[in-house]
1. With the cut-off at 17 Å, report for region 1-149 the share of all Cα pairs above it, as a whole percent.
2. Return the FRET efficiency for the residue pair Leu366, Ala256: r is the Cβ-Cβ distance, R0 is 22 Å, and the value is rounded to the nearest 0.05.
3. Need one number: nm distance between label points at Leu247 and Leu141, each 7 Å from Cα along Cα→Cβ, rounded to one decimal.
4. Which order do Val399, Val41 take when ranked by solvent-accessible area (1.4 Å probe, heavy atoms of all protein chains), largest first?
5. How would His305, His485 rank on accessible area, largest to smallest, probe 1.4 Å?
6. On full extension of the chain, what length is gained from Asp282 through Leu31, given 0.36 nm per residue of separation minus the C-alpha to C-alpha distance?
7. Quick one: length gained pulling Asp375 to Leu402 fully straight, 0.36 nm per residue minus the C-alpha distance?
8. Tabulate in residue order the Karplus-calculated ³J(HN,Hα) for region 512-528, using 6.51 cos²θ - 1.76 cosθ + 1.60 with θ = phi - 60°, rounded to whole Hz; enter x for Gly and Pro.
Amino acid sequence: MNLQQLQNMDASVWADHFVEPHTEALFRRDLRGNWYDVEGVRLTIPIFLRGDVLVNLPGKVARRSYGFRGQELLVSPGYTLIQIGRQVLNGQLEAVRYFGERLAGLGPGYVKFSGGEAWQEVLLGLSRRAFINETDYRPLLINGEEIVRHAGTELHGGHRYEVFQSATRFYVLRGGSDELVTVNGAPADIGFNTYLRFGEYELARAFQQRTRTDGKSVGDERDEPVPSNQGFYVNLLTGEPFRVAALGDVPILGLAELDVPGKSLYQIQTAEGAFVFDAKTDDLLTIDNGLLQPESLHVHPTFPHLFYTITVAGQEVICDQRTGTSLALGEEGLRVSKITGQPEDRLLNARTSRGAALVLDTIDGLDELRPATTDGRRIVETLGNPHRISGLTLQPALVQRLGGPVPRVLVISDSELPIFTLPTDLLAYDDQTKASAHAGAEIVSVDFTTKVLAGKEAYYRAKFLTYQGAEESVLLDASNGRPLHLEGAGHRNELVTGLVESSLTNAHFLGEHQMIGAHTLTEDQKESEVLFSLRNNRSWLPFYDGFLPIFRRTVQPTNAEQDWHYDLFELRESSGSGEYVAVEKKAPHRLLAQRVDGKLVPKIITTKDRSLINPEEVSQWRKIFADAGVLVEVI
């Protein structure tokens with residue numbers, strides 16, 4: 001291109017141009033500072049290598065060298081430092097030196113301050129690093145030390161901090177290389193992970209000297225936890241140590257904001273101890289009109305808007321956030337140290353500051369807690385979760401008695417928290433008014449984890465306290481909480497303490513009644529057994545003009561063949577060593593009966609010690625029984 005062509009360039013489009021002297025290639029710069037080749041293609045990076053020619057368009061200079069050919073090219077962000085191969089050149093394509101030493105390359109570190117001052121990491125030899133100014137190439141020296149690493153950038157409170165590292169320590173710069181953060185006039189390393197806003201202050205822990213003497217790089221230390229007794233908090237804006245007026249001229253070693261709703265509280269650690277500072281009052285926090293001075297404080301995890309826990313002389317105390325007073329209950333004013341439970345719970349387990357267990361009653365609301373009692377006795381602890389049965393909410397608990405805590409079940413749906421008992425309307429005989437000896441007996445425990453299933457009925461296993469002071473088992477109906485109460489000998493009622501497992505898995509029928517084996521407790525506190533009908537929960541079954549006798553259990557005939565088609569039901573009350581009745585195994589499950597004085601009564605078999613066969617004919621029955629009898633249905 002000749003001079004005339006250059007003069008004809010459109011000045012409204014192109015602001016400058018450069019003719020590379022070695023290849024005479026034309027490059028032009030537009031008004032935005034972008035460079036283009038002669039074809040009008042914009043160059044992403046205006047410094048490039050073509051063959052053996054290195055071109056720097058911003059500097060409008062080019063250099064040819066055979067050693068450039070095939071080398072990797074790296075350019076600093078400000079286009080003022082150029083690495084080609086193992087050498088670093090400036091904008092004029094001249095070698096840059098660091099205290100006379102040639103540079104081996106550009107490192108990844110690059111820091112540019114708001115005023116435009118920029119510093120580029122460079123490589124020296126095989127492993128050493130340094131920083132130089134991107135404009136005048138002078139080394140970065142802080143406090144007379146060469147900088148070997150950029151440790152990071154921190155942004156806090158609208159301010160930017162650059163952390164650099166020398167061979168011995170860290171330095172923090174703010175705004176420029178000449179704005180060194182100092183404390184008491186000496187350079188300070190800042191633990192920015194401790195930064196917090198404290199009113200108008202911007203605070204962080206400072207370390208005036210962090211060096212290593214074990215031969216490791218000081219860079220390893222910054223990533224390690226710093227003991228809480230090292231360093232102290234400073235005001236980053238002034239570089240002055242932070243002080244709390246109430247503590248005098250005592251360095252603040254630890255400071256953390258506490259997450260307490262509606263409060264402005266801080267945890268403070270000094271060499272003399274720990275304190276809680278109230279920023280709203282600009283004073284140390286005290287409780288109970290200055291009687292207690294907390295060493296630490298944390299919000300209660302379950303009741304964050306109501307309570308917080310303080311530590312005083314190593315002991316925890318629950319405090320009411322609204323009143324700023326400790327939670328002291330009862331006439332003795334026992335301070336509460338722990339509360340466990342959920343806001344919807346009626347009873348909350350707690351501990352006093354002396355370690356004693358107690359239960360808090362929330363019936364009047366969480367702001368009116370009181371020690372929970374039942375019949376004037378203190379409830380010590382709740383056990384497990386509450387359960388509902390037929391409108392009642394039951395809660396296993398420990399109740400204080402003279403000999404110590406005893407397990408009981410409480411009715412927490414009742415405002416008086418009474419102990420759950422067997423019904424007071426239990427009768428010794430169904431047709432009389434005499435109360436059962438078990439009526440009103442206290443329930444000791446209920447196993448709510450599993451149910452005993454009998455047909456469509458479900459029961460909980462429980463323990464109750466007899467009038468003799470012994471613990472006995474009982475089954476409670478899972479639908480209404482009442483015990484299974486059956487008529488025993490002489491129609492006197494008995495409590496069912498458990499069911500015979502084999503009778504639940506192997507069904508035995510008497511007519512339409514599935515008969516279940518039960519263990520019972522009599523009115524005289526004696527253990528017994530009885531079969532009862534799952535159909536109507538009765539042990540005495542109607543039979544023509546009277547009743548069938550009550551049965552103890554079902555038994556298998558001795559030496560009987562396995563395909564014998566009859567069950568033997570053992571009578572509970574017998575005149576001899578064993579009396580039985582025979583019942584068909586298959587429907588309609590008829591009972592073997594005989595006529596006595598013109599009435600049908602069950603045929604009593606006095607022994608089961610014989611080889612029985614399947615009776616199919618009357619003649620065969622006569623071989624088994626002296627009086628064959630007849631099979632009749634039981635409804």
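1. Beyond 17 Å sits 65 percent of the P(r) for region 1-149.
2. Result of the calculation: an efficiency of 0.20.
3. Between Leu247 and Leu141, the label points sit 3.9 nm apart.
4. Val41, Val399
5. The ordering from most to least exposed comes out as His305, His485.
6. 84.5 nm
7. 8.3 nm
8. 8, 9, 7, 9, 10, x, 9, 8, 10, 10, 7, 4, 8, 6, 10, 7, 8
The values are calculated or read from the model by the stated rules, or taken from the named source; none is laboratory data. All values reported here derive from a predicted model rather than from experimental measurement. No Cβ is skipped: glycine too gets one built from the backbone with ideal geometry, and neighbour counts run over all protein chains shown. For the accessible areas, the whole protein counts, side chains as well, though only heavy atoms, and no ligand, DNA or RNA atoms are used. Shrake-Rupley method; radii C 1.70, N 1.55, O 1.52, S 1.80 Å.
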